[in-house]
1. Just wondering, is there one or more residues in the range 2-13 that are open to solvent by 60 Å² or more (accessible area, probe 1.4 Å), hydroxyl-bearing (S, T, Y), without any contact (Cβ under 8 Å) to a residue 24 or more places away in the chain and in a loop (DSSP other than H, G, I, E, B)?
2. Quick check: is even one residue across the range 239-248 in contact (Cβ under 8 Å) with a residue 24 or more places away in the chain, under 15 Å from the mean Cα position of the chain (by Cα) and surrounded by fewer than 17 Cβ atoms within 10 Å (Cβ to Cβ)?
3. Residue by residue through the range 128-178, note down the ones that are among the hydroxyl-bearing types (S, T, Y) and farther than 22 Å from S263 by Cα.
4. Tell me the residue from S60, S30 that is assigned to a loop (DSSP other than H, G, I, E, B), out of contact with any Ser or Thr (no Cβ under 6 Å at 6 or more places or on another chain) and farther than 21 Å from F326 by Cβ, please.
5. Give me the pairs, please: first residue somewhere in the range 48-67 and hydroxyl-bearing (S, T, Y), second residue anywhere and open to solvent by 60 Å² or more (accessible area, probe 1.4 Å), beta-carbon distance under 8 Å, and either six or more positions apart or on two chains.
6. Are there any pairs with C-beta distances below 9 angstrom linking a residue in the range 171-194 that is more than 23 Å from P276 (Cα to Cα) to a residue that is part of a loop (DSSP other than H, G, I, E, B) and β-branched (V, I, T), with the two at least 6 apart or on different chains, and if so which?
7. Could you list, in sequence order, the residues of the range 276-310 that are open to solvent by 10 Å² or more (accessible area, probe 1.4 Å) and assigned to a loop (DSSP other than H, G, I, E, B)?
8. If you check H69, H91, which single one turns out to be within 16 Å of the chain's Cα centre (by Cα), farther than 19 Å from T6 by Cα and crowded, with 18+ Cβ neighbours inside 10 Å?
Amino acid sequence: PGPGNTPFDGHPALQLDNGKLELTILLQGSTFANLVLSGDPDRLSPLWNPIRMARELGQSPKFTSGLGHFVCVDGFGPVSAEENAAGLPGHGEAHLRMFEVKSFGREGKTQTLSLTTTLPITQERFTRTVRMAQGENVVYINSRLESLLGFDRPIEWAEHATIGAPFLEPGVTVVDMPARRAQTRPYEPNEPGLPHRLPPGKDFTWPNAPTLSGGTVNLRSAPVETNSVDHTACLLDASRPFAFVTALNPRKRLLLGYVFRTSEYPWEQNWEYYPPTGKLARGLEFSSQPYDVPRREVVTLGSLFGAPLYRWLPAKSAIETSFLFFFKKSSDASLMVI
């Protein structure tokens, strides 16, 4: 049988189940919208779900492509005035496009689902292939971006993986990664939105960031008192062929993790959205650049901490990335100690 057709909040979606994990994939954007342990009576997903959060706050839920784990390609963050006039959306086209099933099959204990779409403005074709082996707590992802044009160009690519409450608990859930050099995102004073804990444009050594009050704060966990938003760029250890980012909730004994190549994703963006409502979100965004900014700014800056900020997509050619993520119940008592 093929993947289950299971709508997610009324939107077309497919579901894969390997006996350990149930993964819900939206046809819009090939977004990973929900991830739960098979047989979990609480059906607790670590992924951010702003639709559910709005409903819990008594607000009218509004569907958005920015939930769970979505891909930002080709583009990450806002666009230039000229790109906006040409119809290019923020975060690239892929997260808004409807995907079609290219193939689905089973070989032995492994099921493979391939989804594809065309990006009409950037003239690219994007294909996402998902593999799950029976009885594993792991999902394997391969992505392919093909240029339909006859010239080389710089591209932006980010995997916008985002965790949310209740998996993300203030003072409980901790995030780890092999990063050292980091920087707080530059911002203008008195900008609208939640207040900041961190000053703009300051270098630091992960995870101890400077605060506006003159002290330091360990960014691994969310603060107990929540009312802030911050964004930090973390350069991953380039001496490692593979990097990781994990989120552990020791109270619930649940662990989510991503593993990827540092050559493909040299940066991890730590986006922290901690409103006083308790509906927290935190980005574990592994990417080709340190911040979500227009392409022109990325190319002009060129590098940060000596690391590249974009990738090249050759003419009439394709580039690929691979990563995996896992979600499991932790039985290791040592993980209870932070």
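The values are calculated or read from the model by the stated rules, or taken from the named source; none is laboratory data. Note that the coordinates shown come from a computational prediction; the quantities given were computed from them, not determined experimentally. We place every Cβ from the backbone using ideal geometry, glycine too, and count neighbours over all the protein chains shown. SASA here: full protein model, heavy atoms, side chains in, ligands and nucleic acids out. Shrake-Rupley method; radii C 1.70, N 1.55, O 1.52, S 1.80 Å.
1. So the first thing to find is which residues in the range 2-13 are open to solvent by 60 Å² or more (accessible area, probe 1.4 Å), and the list is 5, 7, 9-10, 12.
Next, from what is left, pick out any that are hydroxyl-bearing (S, T, Y): none.
Looking for residues that are open to solvent by 60 Å² or more (accessible area, probe 1.4 Å), hydroxyl-bearing (S, T, Y), without any contact (Cβ under 8 Å) to a residue 24 or more places away in the chain and in a loop (DSSP other than H, G, I, E, B), one finds none in the range 2-13, hence no.
2. Taking the range 239-248 first, the residues in contact (Cβ under 8 Å) with a residue 24 or more places away in the chain are 240, 243-248.
If we keep only those that are under 15 Å from the mean Cα position of the chain (by Cα) as well, we get 243-247.
With surrounded by fewer than 17 Cβ atoms within 10 Å (Cβ to Cβ) added as a condition, the list becomes 246.
Yes, that holds for at least one residue.
3. T173
4. Matching residue, one of S60, S30: S60.
5. Listed by first residue and then by second, the contacts come to S65/L96.
6. From the range 171-194, the pairs are P178/T262.
7. Scanning the range 276-310 gives P276, T277, G278, K279, Y291, D292, V293, P294, G302, F305, G306, Y310.
8. H91
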